[in-house]
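The values are calculated or read from the model by the stated rules, or taken from the named source; none is laboratory data. Quantities reported herein were computed from a predicted structural model and do not represent experimental measurements. Positions of Cβ are generated from backbone atoms using ideal geometry, with glycine treated the same way; all protein chains shown enter the neighbour counts.
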Amino acid sequence: MTPQYDPEREKLRQMLHRTVDRRMLMRGTAAALGAGALARFLAACGGGEEEPGGGGDSTGGGAAQTPATTESPAAGEGKPGGTLRVAIIGEPPAFDPTFTTATITQNTTAHVFETLWAQDNEFSPQPLLLESADIQEEGKVFVLNLRQGVKFHNGEEMKADDVIASLERYAKLSGRGRTLFERVEGLDKVDDYTVRLAFNAPTGIAPVFLQMPDAIIIPKSIADAAPDSEMGEFIGTGPYMVKERLPDRYISLVRFEDYAKRDEPPNYFAGGKTAYFDEIRFIPVSEQAVRSDGLITDEFDFAEDLSKDNFEALEAEPSVELQITLPYYFYGAHFNKSEESMMSNRDLRMALLTAIDMEPVARAGFGDERFWRLGPEISAPESAWYTDAGKQYYDLKDPDKAREMLQAAGYDGTPIRWIATKEYSYNYNMGLVLKDQMEKAGAVIDFQVMDWATLVSQRSQKDAWDIFITGHPSYNHPILQVFLPETWPGWWVNSRKDELMTLIIEETDPAKQLEYIAELQELWWSEACMIKVCEGATLRGYRSRLKGYNNPTDWHFFNAWFEE
Amino acid sequence: MTRYIIRRLLLAIPVMLLVAVTTFLLLHMTPGDPVSVLLGPDATVEQIEEMREALGLNDPVHIQLLNWFRDLARGDLGESIFLGKPVTEAIAERAQPTLLLTLLASLVAICVGLPFGVISAVRRGSTIDVGAMLAAMVGISMPTFWLGLNLIFIFGVKLRWLPVQGYQPLSEGLWTSLRYLIMPALTLGAAQGALLARMTRSMMLEVLHEDYVRTARAKGVSERRVILRHALRNAFIPLVTVIGLTFAVLISGAVVTEQVFGIPGAGQLLIRAVNRRDFPLIQGIVLIVALLYVIINLIVDLIYVFLDPRIHYS
C-alpha cells in the first residue's frame with residue numbers, strides 16, 4: 001500500500017501548524033541526538049492510549065484551534081505569581097503515571113515528572129532530560145548522555161543510577177515498558193551521566209516509547225521502594241513539585257525553584273519550561289455543569305471537559321476563552337475477535353461495517369459538526385503518520401448490501417452482545433445509533449447498559465461480549481495504540497500485523513515507516529477490526545487572564561501566566 | 001436503663017454481622033473490578049491479573065470474607081485500594097463535612113418542617129395550609145440534584161452570593177465554612193423539611209382532636225399554650241422518630257448533594273468507592289452508616305423517656 005501524500009492536506013496541515021518550522025526542529029533534534037539515523041525517524045513518531053470521554057472539531061466558532069502547534073511565547077515573556085485553579089474531571093486514581101495510564105494522572109503529573117525525551121509540537125520526541133543520544137549499530141544501541149545539574153525535588157542530582165532504576169521500574173510496571181523491554185538486552189551505567197541501552201534488534205522507535213508519560217525518571221531510592229506498586233513519594237525533576245495532595249479536595253503543586261530549565265524555546269512538553277505560577281491547584285469537580293459555573297464565577301481559572309451544550313453560553317462570557325481540542329481522540333466500536341465470540345467471523349464484522357453511515361453516529365456522540373470530523377485515519381491529519389489507507393471500507397452506508405453480506409456470513413439472528421455505559425454520553429448515544437443502523441441491516445443487538453467499572457471488567461472476558469465503544473488518542477504514533485497488540489480486549493491476532501509492527505519498530509526512514517503504517521491501517525480496515533467512526537473533540541474553557549496556555553492537545557501550565 | 005442500653009448494644013451485634021456479610025457478598029457478586037480502574041485503560045490482562053493476585057482479589061470469596069472478619073475482629077476495616085490508607089482514617093477525614101452538612105440540613109428541615117406543619121394543622125383548610133402542603137409536595141417530589149443545580153445557578157452564577165462548589169473546613173473560619181454549606185444544606189434539607197411538615201401536620205391534627213386538648217381549652221388555657229404545651233408535646237413522640245430517621249437518612253443520603261456541590265465528605269467518598277469498586281472502603285462506609293442507624297435509633301428511644309414519663313425501660 002502506498003502512503004497517501006495529499007498536497008492539499010499537507011497545505012492544510014502546514015496552515016494548522018503555524019509554528020516552529022519543522023525542518024528547524026529536525027535540525028535541532030538531529031544535533032541534540034548526535035546522529036542522523038534517529039533524527040530521520042523522529043519525523044514519524046508520537047504516543048498513545050485509550051480513554052473514555054471528550055468530543056470536538058478543528059474549525060470551532062469563537063473557540064481556539066487545538067493543535068499543539070500554536071505559537072509559543074518567547075521565553076521570559078510571562079509574569080510570575082498567582083495561584084492557578086484548575087477544575088479537573090475527577091480525582092486521579094493514582095499520582096504515578098508509570099503505575100496507571102489514566103489520562104487525568106498523566107495530565108496532572110506532567111508538571112512534576114519528566115522523561116528522557118518529550119513530545120514536541122508535532123508529537124515527536126525531543127530530548128528533555130537527555131543532553132544527547134548516540135545511536136550506534138544501526139539503532140541497536142542507544143548511548144544516553146544525561147544532562148548534568150538536573151535536580152530532583154528532594155535536592156539530589158539526577159544521575160545514571162536513577163535513570164536505570166526508573167527504566168527498570170517502567171519495564172516492569174508499564175504495559176508499554178514491557179513491550180519495549182522485551183527487546184532490551186542491556187541497560188548499563190557507563191558513568192554517572194551516561195547510560196547504555198542495548199537492544200537485541202534495531203529499535204529506532206525507542207524514543208517514541210520513552211517520551212511517553214509512563215517513562216518518567218524518579219530517584220533510585222523511590223523507584224526501588226515501589227517496584228510493582230504506586231510510588232510512595234512524588235519526587236520528580238519537573239518545574240512544579242507536590243506540596244499537598246488531599247484526595248477529592250485538591251492537589252497542590254508549587255514552583256520548584258531549582259528547576260533545570262532547557263535553553264530551547266517552549267515546545268509542547270519539550271523545550272524550556274518556566275513555572276510562572278506560585279501554585280497550581282487541581283480541584284476535582286465531577287459535575288460538568290459545576291465546572292462551567294465555576295469558570296464563569298471565577299472560582300476556576302481553567303476547566304476541562306465542559307458540556308458542548310453550554311458552548312454558546314460560555315462563548316458569550318467576556319472573560320472566558322474556549323478551546324475545542326483537536327486532534328484529540330477517535331471513537332469507534334471494537335469487535336471481540338477472539339474465538340469465544342461470533343465476531344471472530346471476519347465476514348460478519350465486515351457486513352456490519354458496511355451498514356454504517358458515520359455522520360449520524362458522530363452527531364449523536366458529539367453534537368454539531370464543530371465537535372467532530374470524519375475519516376478513516378488512525379493518526380490525525382496534523383500528525384506525521386496520517387494516511388487514508390483503507391478508506392474504501394469507511395462510511396459505506398449500505399444496509400441492503402450489509403443484509404446480503406450478513407446472510408452470506410452465515411448470521412443466524414443470534415443476538416450480538418453490545419456492552420455500553422451511560423457514564424460517558426458519547427458511548428451510549430453513539431451505541432444507540434449504531435445499533436439502529438445494524439438492526440436495519442438485519443442484525444439483532446442485545447444492548448446491555450452498565451457502569452464503566454463493570455464494562456472495563458467485562459470487556460476483559462473473552463466470552464462476555466461482542467462489541468463495545470471506546471476512544472483512542474489520534475495524536476500519538478500508531479504503534480502505541482493499545483488495540484494493536486493481541487493482548488488487549490478485541491484480541492486481534494494476525495501474523496502480517498505482527499510483522500508490520502516489528503518493521504515499524506525497527507524502521508528509521510520516515511517515508512518507509514509511513515508505508516508500513518499505511519499497510520497496517522489498510523489491514524486494520526480490511527479485517528474490520530473495529531468501526532472507527534470519527535474524531536471527537538473535548539471542550540475546555542479558561543479565564544482570559546490566563547496567557548501563554550496556547551491550547552495544547554494535552555493541557556499543561558508551565559510557560560503560562562496571569563495577565564490582568 | 002443502663003441494662004437496657006447494654007442489651008440494645010448487644011442486640012446490635014447480629015445486625016451488624018448481617019449487614020457486613022450481606023454487603024460483602026453483594027459487592028463480590030457485582031461485576032466490576034477495582035484493578036482495571038486503578039491501572040487505567042492501557043493495562044494488559046496480565047498486569048491486571050498480577051495486581052489482583054497481589055491484592056488477594058483472586059482468593060475464593062469465603063477466604064476473602066474470613067480474612068476481612070479476622071481484621072474486623074481487631075477493629076481493622078482494612079485499607080482502601082485507591083487511597084492507600086486505612087479505611088477508618090479515610091472515613092474520619094471525610095466525617096467533618098458530612099456531619100456539618102447533616103446538622104445544617106437537619107436544622108433546615110426542622111426549622112421549615114415543624115412550624116409549617118403546626119400552622120397548617122391549626123389553620124386547616126386555609127390558604128396557608130394549602131400553600132404549605134403544596135410546597136411540601138413539591139419539596140418531596142423535587143430531585144435533589146435538580147434543586148442543587150438550580151440553587152447554584154441562581155445564588156452562585158447569577159447573584160454571585162455563594163460559591164458554586166467546594167468546601168472549607170471549620171479551621172478556616174466559621175463563616176468561610178458556612179458559605180460553602182448553605183446551598184447544600186438547603187438542597188438536602190428541603191425534601192426532609194417537606195416530609196417533616198406533612199408528618200407534623202397529620203400528627204397535630206390527630207392530637208388536636210384529643211379530649212385533653214378540648215379540656216385544656218375549656219379550662220381557659222391560651223390557644224398558644226394549648227398548641228405548644230399540650231398538642232405539640234404529645235405529637236412530638238412520633239415526630240422524634242421521624243427527626244431521628246431524618247438525621248440518619250441525611251447522613252447516608254448526602255451522596256448526591258456532596259457530588260453536585262463537590263463537597264469532599266463521606267457521601268462523595270462512598271460514590272467514588274462504588275465507581276472504582278474499592279471494596280474495603282465501601283464495606284467500611286456501609287458498616288459505619290449501619291452503626292449510626294443503630295445508635296440513632298437507640299438515642300431516639302431514650303428521648304421518648306424524657307418526652308413521655310409514662311414510658312420507661314426496664
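A search for C-beta distances below 6 Å between a residue of region A:243-256 that is at pLDDT below 90 and any residue that is in a strand (DSSP E or B), counting only pairs 6+ apart in sequence or on different chains, returns A:Asp248/A:Pro284. Restricting attention to region A:138-172, the residues being more than 20 Å from A:Phe256 (Cα to Cα) and of a type in the set (Asp, Glu) number 3.
Listed here are the residues, each with its yes/no results for (1) touching a residue at least 40 places away in the same chain (Cβ under 8 Å); (2) farther than 20 Å from A:Asn107 by Cβ; (3) surrounded by 22 or more Cβ atoms within 10 Å (Cβ to Cβ); (4) assigned by the TED database to the domain that holds A:Tyr240.
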| site | (1), (2), (3), (4) |
| --- | --- |
| A:Glu507 | yes, yes, yes, no |
| A:Ala511 | yes, yes, no, no |
| A:Tyr516 | no, yes, yes, no |
| A:Glu519 | yes, yes, yes, no |
| A:Trp524 | yes, yes, yes, no |
| A:Asn551 | yes, no, no, yes |
| A:Trp555 | yes, no, no, yes |
| A:Phe558 | yes, no, yes, yes |
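The set of residues from region B:140-181 being closer than 19 Å to B:Thr102 by Cα, among the small types (Gly, Ala, Ser) and in contact with a Leu (Cβ under 8 Å, 6 or more places away or on another chain) comprises just one member, B:Ser177. Within region A:273-287, the set of residues being in a strand (DSSP E or B) and among the acidic types (Asp, Glu) comprises just one member, A:Glu279.
State whether one or more residues within region A:234-242 are surrounded by fewer than 19 Cβ atoms within 10 Å (Cβ to Cβ) and either closer than 24 Å to B:Gly262 by Cα or not aromatic (Phe, Trp, Tyr) (or both).
The answer is no, given that none of the residues of region A:234-242 is surrounded by fewer than 19 Cβ atoms within 10 Å (Cβ to Cβ) and either closer than 24 Å to B:Gly262 by Cα or not aromatic (Phe, Trp, Tyr) (or both).
For region A:275-304, taking the residues that are more than 12 Å from chain B (Cβ to nearest Cβ) and surrounded by 21 or more Cβ atoms within 10 Å (Cβ to Cβ), the one that is farthest from A:Lys79 (Cα to Cα) is identified as A:Glu304.
Scanning region A:469-516 for residues that are within 11 Å of chain B (Cβ to nearest Cβ) and touching a His at 6+ places or on another chain (Cβ under 8 Å) yields a total of 5. When A:Phe95, A:Phe123 are screened for being among the aromatic types (Phe, Trp, Tyr) and more than 23 Å from A:Pro219 (Cα to Cα), only A:Phe123 passes.
Yes/no per residue for (1) β-branched (Val, Ile, Thr); (2) closer than 24 Å to A:Phe447 by Cβ; (3) under 26 Å from the mean Cα position of the chain (by Cα):
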position	(1), (2), (3)
A:Trp372	no, yes, yes
A:Glu377	no, no, yes
A:Ser383	no, no, yes
A:Tyr386	no, no, yes
A:Leu396	no, yes, no
A:Asn429	no, yes, yes
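For region A:209-251, a residue qualifies if it is within 14 Å of chain B (Cβ to nearest Cβ) and in a strand (DSSP E or B), and the qualifying residues are A:Glu244, A:Arg245, A:Leu246, A:Tyr250, A:Ile251.
Rundown of residues vs (1) exposed (fewer than 15 other Cβ atoms within 10 Å of the Cβ); (2) among the small types (Gly, Ala, Ser); (3) at pLDDT 90 or above, yes/no style:
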{"position": "B:Glu89", "(1), (2), (3)": "yes, no, yes"}
{"position": "B:Leu100", "(1), (2), (3)": "no, no, yes"}
{"position": "B:Leu107", "(1), (2), (3)": "yes, no, yes"}
{"position": "B:Cys111", "(1), (2), (3)": "yes, no, yes"}
{"position": "B:Val118", "(1), (2), (3)": "no, no, yes"}
{"position": "B:Ala121", "(1), (2), (3)": "no, yes, yes"}
{"position": "B:Thr127", "(1), (2), (3)": "yes, no, yes"}
{"position": "B:Ala132", "(1), (2), (3)": "no, yes, yes"}
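Of everything in region B:144-196 that is small (Gly, Ala, Ser), away from chain A (no Cβ under 12 Å) and at negative phi, the residue that is farthest from the chain's Cα centre (by Cα) is B:Ser171.
Only a single item in (1) touching a Phe, Trp or Tyr at 6+ places or on another chain (Cβ under 8 Å); (2) over 30 Å from B:Pro31 (Cβ atoms); (3) not β-branched (Val, Ile, Thr) is not met by A:Glu486, and it is number (2). If the condition is being outside any loop (DSSP other than H, G, I, E, B), under 26 Å from the mean Cα position of the chain (by Cα) and more than 9 Å from chain B (Cβ to nearest Cβ), then region A:440-467 contributes only A:Ile467. Selection of region B:58-99 for residues being within 31 Å of the chain's Cα centre (by Cα), within 14 Å of another protein chain (Cβ to nearest Cβ) and over 21 Å from A:Glu233 (Cα atoms) yields B:Ile91, B:Ala92, B:Arg94, B:Ala95, B:Gln96, B:Pro97, B:Thr98. As a summary of the residue check, A:Asp293 satisfies the conditions (1) at pLDDT 95 or above; (2) over 26 Å from the mean Cα position of the chain (by Cα); (3) among the charged types (D, E, K, R) except for the one numbered (1). Just so you know, in region A:166-190 the residues that are of a type in the set (A, V, I, L, M, F, W, C) and more than 25 Å from the chain's Cα centre (by Cα) include one that is nearest to the other protein chains (Cβ to nearest Cβ), and it is A:Leu187. Among the residues of region A:315-326, is any under 24 Å from the mean Cα position of the chain (by Cα), charged (D, E, K, R) and more than 14 Å from chain B (Cβ to nearest Cβ)? The answer is yes, given that some residue of region A:315-326 is under 24 Å from the mean Cα position of the chain (by Cα), charged (D, E, K, R) and more than 14 Å from chain B (Cβ to nearest Cβ). So in region B:123-143, with the set limited to residues that are outside any helix (DSSP H, G or I) and under 19 Å from B:Val255 (Cβ atoms), which one is nearest to the other protein chains (Cβ to nearest Cβ)? Per the stated criteria, the residue is B:Pro143. Taking the conditions (1) under 30 Å from B:Val164 (Cβ atoms); (2) at pLDDT 95 or above; (3) out of contact with any Leu (no Cβ under 9 Å at 6 or more places or on another chain) in turn, A:Asp309 satisfies each one other than (2).
For region A:170-190, a residue qualifies if it is in a helix (DSSP H, G or I) and touching a Ser or Thr at 6+ places or on another chain (Cβ under 6 Å), and the qualifying residues are A:Tyr170, A:Leu173, A:Gly175.
In region A:88-110, the residue that is farthest from the other protein chains (Cβ to nearest Cβ) out of those that are among the aliphatic types (A, V, I, L, M) and touching a residue at least 40 places away in the same chain (Cβ under 8 Å) is A:Ala110.
For region A:191-208, a residue qualifies if it is assigned to a strand (DSSP E or B) and either more than 22 Å from A:Ala165 (Cβ to Cβ) or among the small types (Gly, Ala, Ser) (or both), and exactly one does: A:Ala198.
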